[in-house]
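Shown next, in structure tokens, is the structure this report addresses.
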Amino acid sequence: MLLDLFRTVYDYPGRRESELREIAAAHRPVRFERESFILREGERAHAYYLLETGLVRAFVSDYTGREITTDFFQPGEVLIEVSSLFQRIPTRTNLQTLTEVSGYGIDFDVFQELFHRIEGFREWGRAWMSGQLFRERQRRIDMLTLSATDRYRTLVDTQPEVLAQAPLKHVASYLGVTDSSLSRIRKEISRKA
């Protein structure tokens, strides 16, 4: 059911059904074809999305032009480029679908109006943002302190859908290893299993 996605994403204490319906009504259905760009480097984000189906990757290009995957977004998650949307600046990140994607988008101006009017929605936004800050900090720490094998195991445990749907070159880039290193890690783990 449509409202189940909104109930899952916009879960905050004291949320009223009337608020949820109003928030849901402010979203518009969206569909993106496989391997299409939702946002490209240099553009400004004007909306964020709730993913119902599909897989999206975020990536940047380094100084040589090599693509580095920085995140994956799956069903039930908020697909957003925070800096561009809230600071109203051009992004340095690309958002590209890896599969066909469907979901619901909410434009920045509509979000702002609801955010300022619905107290619980503000609290949800603050809680969501602090959760994202924690998640990003944990990822940075893991990239510095865990071995490539342990980073791969963490991905297997926390995001198995990524491994099932994303090309291995994107997974390797996300883990900070080469394609051949990822192949070696996968073989090593499968031999021990």
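Results, tabulated for the structure shown:
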{"item": "Fewest-first sequence of Thr97, Thr64 by Cβ atoms within 10 Å of each Cβ", "result": "Thr64, Thr97"}
{"item": "Spin-label proximity, Glu136 to the stretch 154-183 - amide N less than 20 Å from point 7 Å beyond Cα toward beta carbon", "result": "174-176"}
{"item": "Long-range HN-HN contacts of Glu77 with modeled amide H, under 5 Å", "result": "Leu51"}
{"item": "Ellipticity estimate at 222 nm from DSSP helix runs (n ≥ 4, -39,500 (n - 2.57)) divided over the chain, nearest 500", "result": "-15500 deg cm²/dmol"}
{"item": "The stretch 2-145 - percent relative contact order, Cα under 8 Å, separation 6 or more", "result": "32"}
{"item": "Note, ³J(HN,Hα) from phi for the stretch 167-183, Karplus 6.51, -1.76, 1.60, rounded to Hz, x at Gly and Pro", "result": "x, 4, 5, 6, 5, 4, 4, 4, 7, x, 10, 7, 4, 5, 5, 5, 4"}
{"item": "Long-range amide H partners of Ile38 with built H, under 5 Å", "result": "Leu95, Gln96, Thr97"}
{"item": "For the stretch 135-149, Karplus couplings with θ = phi - 60° (6.51, -1.76, 1.60), whole Hz, Gly/Pro x", "result": "4, 5, 5, 4, 5, 4, 5, 4, 5, 8, 10, 9, 5, 4, 5"}
{"item": "Debye intensity ratio I(q)/I(0), log10, the stretch 3-71, q values 0.13, 0.14, 0.27 Å⁻¹ (C-alpha model)", "result": "-0.55, -0.61, -1.30"}
{"item": "Cleavage-rule hits, chymotrypsin sites (Phe, Trp or Tyr not before Pro), the stretch 6-47, DSSP coil, Cβ neighbours within 10 Å at most 13", "result": "none"}
{"item": "Scattering profile of the stretch 125-193 at q = 0.19, 0.21, 0.24 Å⁻¹ [log10 I(q)/I(0), Debye over alpha-carbon scatterers]", "result": "-0.80, -0.93, -1.12"}
{"item": "Segment Val82-Arg31, extension gain: residue separation times 0.36 nm, minus the distance between their alpha carbons", "result": "16.3 nm"}
{"item": "Cα-only Debye scattering, the stretch 22-105: base-10 log of I(q)/I(0) at q = 0.20 Å⁻¹", "result": "-0.89"}
{"item": "Amide H partners (placed H, <5 Å) of Thr70, local residues excluded", "result": "Ala58, Phe59, Val60"}
{"item": "Trypsin sites (Lys or Arg not before Pro) within the stretch 1-60: DSSP coil, no more than 13 neighbouring Cβ in 10 Å", "result": "Arg16, Arg34, Arg40"}
{"item": "In Hz, Karplus ³J(HN,Hα) per residue of the stretch 92-104 (6.51, -1.76, 1.60; θ = phi - 60°; x = Gly, Pro)", "result": "9, 9, 9, 10, 10, 6, 9, 9, 5, 10, 9, x, 9"}
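The numbers here are math on the coordinates, done by the rules we state, and not lab data. Given the structure is predicted, the values throughout are model-derived calculations rather than measurements. No Cβ is skipped: glycine too gets one built from the backbone with ideal geometry, and neighbour counts run over all protein chains shown.
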